[in-house]
Amino acid sequence: MPTKLANIETLLCPICQGEIGEELLERLKLEAEDLTRIREFLEEKSLMQILELGDIASKYLTPDTLGIEYQVKESLRKLSEKATQLMDKHRELSNELVKASEEKNEQVTEGELKKQKKHSTN
């Protein structure tokens, strides 16, 4: 938490309560608000859990793994679309085959009926 001493802002370390200068914060790429959050985590006794979670997340959520995961998902999506297209085409061809088979059966049946009529009239 920042405190003012002779117009100089001084920050206290949430762990050791030592003074932290602005240049140290800049080197650590931290803001004054970050120190407050660290203090809150310490008070809640959750700092180590947060650090462990962050460690795990950094191992699995790297740009490389996210890129690969995205590529795999995109490939699976494309495969799914292609499978759907092929199933639709298969269904269409099957329907055409059934229709052609039915038409052929009708023709054969009509031909046989004509033959039977012809034989029965002779």
Looking at the range 35-54, is at least one residue surrounded by 10 or more Cβ atoms within 10 Å (Cβ to Cβ), closer than 29 Å to Ile15 by Cβ, touching a residue at least 12 places away in the same chain (Cβ under 8 Å) and in contact with a strand residue (DSSP E or B) (Cβ under 8 Å, 6 or more places away or on another chain)? yes
Exactly one of Gly67, Gly21, Gly111 is within 30 Å of Thr10 (Cβ to Cβ) and out of contact with any Ser or Thr (no Cβ under 6 Å at 6 or more places or on another chain), and that one is Gly21
Counted residues in the range 32-63 being assigned to a loop (DSSP other than H, G, I, E, B) and either hydrophobic (A, V, I, L, M, F, W, C) or modelled with pLDDT of 90 or more (or both) come to 4
Given the structure, is Asp88 farther than 30 Å from Leu12 by Cβ, acidic (Asp, Glu) and loosely packed, with under 10 Cβ neighbours inside 10 Å? no
Every residue in the range 16-31 that is touching a strand residue (DSSP E or B) at 6+ places or on another chain (Cβ under 8 Å) and assigned to a helix (DSSP H, G or I), please. Glu22, Leu25
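So is Thr84 among the β-branched types (Val, Ile, Thr) and either outside any helix (DSSP H, G or I) or over 33 Å from the mean Cα position of the chain (by Cα) (or both) or not?
On the way: among the β-branched types (Val, Ile, Thr): yes; either outside any helix (DSSP H, G or I) or over 33 Å from the mean Cα position of the chain (by Cα) (or both): no.
No: the conditions fail for Thr84.
The values are calculated or read from the model by the stated rules, or taken from the named source; none is laboratory data. These figures come from a predicted structure and were not determined experimentally. Ideal geometry is used to build each Cβ from the backbone, glycine not excepted, and the neighbour counts take in all protein chains shown.
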